[in-house]
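The next block holds one structure in the form of structure tokens; read it before the comments.
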Amino acid sequence: MDRRWDDCERRCPRLGGPVTFAYCRDHGGDRPGAPCGKLLDCWWERFDVAAYLQANLPAETVAKLLQREPRPKIHSLLEMIARARQDLDD
């Protein structure tokens, strides 16, 4: 896998702080190692992220990213609230 972009950083609109491309590539999906659904939206200005993904990820994963419809913001907010409550209970 091509790792030349792994250390590049940008502000994550979901987390509110800086993240690396490697983090976005490996920590955004429903299962470990899956890319964030906003990967293309966030990184397209830095480099040809679509070409990178096509060259480095399985075709099925790339197709899901390219065809993904954005989730309503309320879903993300509810998930964040649930996680915060769980963290408080722990």
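Laboratory data are not the source of any read-out in this text; all were calculated from the coordinates shown. The structure presented is a predicted model; accordingly, all values stated were derived computationally and were not measured. Positions of Cβ are backbone-derived with ideal geometry, glycine not excepted, and every protein chain shown enters the neighbour counts.
Restricting segment 4-39 to residues that are part of a helix (DSSP H, G or I) and of a type in the set (A, V, I, L, M), which is surrounded by the fewest Cβ atoms within 10 Å (Cβ to Cβ)?
Let us first name the residues in segment 4-39 that are part of a helix (DSSP H, G or I), namely 21-26, 39.
Among the residues that remain, those that are also of a type in the set (A, V, I, L, M) are: 22, 39.
Values: A22: 14, L39: 21.
Here the answer is A22.
Quick one: would you say R25 is in contact with a Pro (Cβ under 6 Å, 6 or more places away or on another chain) and not polar (S, T, N, Q)?
Working: in contact with a Pro (Cβ under 6 Å, 6 or more places away or on another chain): yes; not polar (S, T, N, Q): yes.
Yes; evaluated as a whole, the condition is true for this residue.
Take the residues in segment 40-50 that are surrounded by 15 or more Cβ atoms within 10 Å (Cβ to Cβ) and of a type outside the set (G, A, S); name whichever of them is farthest from M1 (Cα to Cα).
Filtering segment 40-50 down to residues surrounded by 15 or more Cβ atoms within 10 Å (Cβ to Cβ) leaves 40, 42-43, 49-50.
With of a type outside the set (G, A, S) added as a condition, the list becomes 40, 42-43, 49.
Details: L40: 18, C42: 20, W43: 18, V49: 14 Å.
Among those that are surrounded by 15 or more Cβ atoms within 10 Å (Cβ to Cβ) and of a type outside the set (G, A, S), it is C42.
Each residue in segment 40-51 was checked for being more than 16 Å from K64 (Cβ to Cβ) and part of a helix (DSSP H, G or I), and 3 of them qualify.
Mind listing just one residue for me: the one in segment 51-70 that is within 13 Å of the chain's Cα centre (by Cα) and charged (D, E, K, R) and, of those, surrounded by the fewest Cβ atoms within 10 Å (Cβ to Cβ)? Applying the filter and picking the extreme gives R68.
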